[in-house]
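Peer 1: Take this structure first; my questions come after.
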Amino acid sequence: MPDPATIERMTSRLQVLAPQQLHIDDDSALHVGHEGAKSGGGHYRLSLVSARFHGLSRVARHRLVYDALADLMRRDVHALTMTLLAPEELAGAAAAPGNPLQGN
């Protein structure tokens, strides 16, 4: 079941990355019965565009997000799928079908 409060807290904490675009989907309903879902932690899909990602590796970008969401990752978020782009990478990615990010 979607948890708007967790999405709101995630959105708030991710503001530290000065997102130009930010989209979070709650995919928890797709994982009902999954072992991680039993503890109450949700499954989320994050798409974020930030100039802070410029020149960073995929791992470094993920670390920034995990640092911003640290307390939520311990209890409210069981799984997080991420698409993390610098603004200059957006045009190519926005062409992908189903991508919630919009190119300029």
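Peer 1: Within segment 66-83, which residues are farther than 15 Å from THR6 by Cα and of a type outside the set (Ser, Thr, Tyr)?
Peer 2: If the condition is that a residue be farther than 15 Å from THR6 by Cα and of a type outside the set (Ser, Thr, Tyr), then ASP67, MET82 are the ones that fit.
Peer 1: Which one of the conditions (1) closer than 26 Å to ALA86 by Cα; (2) at pLDDT below 95; (3) surrounded by fewer than 18 Cβ atoms within 10 Å (Cβ to Cβ) does TYR44 fail to meet, given that it meets all the rest?
Peer 2: Only one criterion is unmet by TYR44, namely (3).
Peer 1: Quick one: what pairs do we get from segment 69-87, first residue over 16 Å from ARG58 (Cβ atoms), second part of a loop (DSSP other than H, G, I, E, B) and polar (S, T, N, Q), C-beta under 9 Å, 6+ apart or different chains?
Peer 2: Cβ pairs passing all conditions: ARG75/SER39; HIS78/SER39; PRO87/GLN20; PRO87/SER50; PRO87/ASN104.
Peer 1: Test LEU56 against the stated conditions and say whether it is at pLDDT 95 or above and under 13 Å from GLN21 (Cβ atoms).
Peer 2: Working: at pLDDT 95 or above: yes; under 13 Å from GLN21 (Cβ atoms): no.
No, not satisfied.
Peer 1: Within segment 63-94, count every residue that is modelled with pLDDT under 90 and more than 15 Å from SER28 (Cα to Cα).
Peer 2: 6
The values are calculated or read from the model by the stated rules, or taken from the named source; none is laboratory data. From a predicted model like this one, the values you see are computed outputs, not experimental measurements. Note that we place each Cβ from the backbone using ideal geometry, even for glycine, and neighbour counts take in every protein chain shown.
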